[in-house]
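The values are calculated or read from the model by the stated rules, or taken from the named source; none is laboratory data. Note that this is a predicted model, so its numbers are computed, not measured. Counting neighbours? That spans all protein chains shown, and the Cβs are built from the backbone with ideal geometry, glycine included. Each accessible area value is taken on the protein alone, full model and side chains, heavy atoms only, with ligands, DNA and RNA left out. Shrake-Rupley method; radii C 1.70, N 1.55, O 1.52, S 1.80 Å.
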Amino acid sequence: MTVSATTRRALAAVLAAGTLTVAAAVPASADDRRDHRGSQSLVISDVRHDAGGRGDRSNRALNGEWVEIRNNGRHGVDLSGFTLSDSDGNRYRFSGFRLDGRSTVRVHTGQGRNTQRDVYQNRRQQIWDRNDTATLRDRRGNLVDSDSWGNRDNRGRRDGGR
């Protein structure tokens with residue numbers, strides 16, 4: 001059975017048009033799903049590390065050290081069970097916290113009273129080194145976002161290259 005060249009060209013054009021239609025529709029629906037689920041719209045937007053110098057354990061210096069998380073989505077996200085960790089394995093677990101849409105929260109190292117814009121890990125020593133990585137994971141342990149800074153060649157050293 002032979003198919004004419006004209007028939008083959010017409011069939012190829014129809015298949016190509018269908019593929020383009022599907023490809024154009026997928027990103028829009030994926031974006032809606034990500035925004036609705038929320039976790040894909042969360043990013044580590046800013047970090048302030050090593051505040052006040054390594055030896056300063058005052059609460060003021062500890063709270064000068066923070067990681068900022070931004071919800072770029074329209075809808076709020078329940079962060080309960082989400083974790084924020086450093087490359088040494090120090091981990092902060094969110095408990096009963098909802099981040100509104102298009103909002104940020106700073107996770108401070110020291111002690112303080114939690115608000116909608118600031119939460120506190122209640123630690124007594126700094127954890128974010130000059131060479132470090134902040135990693136945000138959802139309640140199932142899936143990677144949401146991470147941010148690294150400093151000299152990555154020194155990452156394996158326990159002293160962070162200091």
Worksheet item: Along the stretch 127-138, what does the Karplus equation 6.51 cos²θ - 1.76 cosθ + 1.60 (θ = phi - 60°) give for ³J(HN,Hα), rounded to whole Hz, x for Gly and Pro?
Response: 10, 8, 7, 5, 10, 8, 9, 9, 10, 9, 10, 6
Fill in: Calculated from backbone phi, Karplus (6.51, -1.76, 1.60) coupling profile of the stretch 99-110 in Hz, x at Gly/Pro
9, 4, x, 6, 10, 10, 9, 9, 9, 7, 6, x
Practice prompt. Kindly rank 96-102, 81-87, 58-64 from highest to lowest mean number of other beta carbons found within 10 Å of each residue.
Written response: 81-87, 58-64, 96-102
Worksheet item: If you add up the charges near Arg48, with Lys and Arg at +1 and Asp and Glu at -1, over every other residue whose beta carbon is less than 10 angstrom from its beta carbon, what do you get?
Response: -3
Discussion item. So, for the stretch 52-114, what is the accessible surface per residue at a probe of 1.4 Å, expressed in square angstrom?
Written reply: 50 Å²
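Find how much the distance from Asn151 to Arg57 grows on full extension, using 0.36 nm per residue of separation minus their present alpha carbon separation; answer in nm with one decimal.
31.4 nm
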Worksheet item: Using modelled amide H (1.01 Å from N, peptide plane; none on Pro or chain starts), what sits under 5 Å from the amide H of Asp50, excluding residues fewer than 5 places away?
Response: Trp128
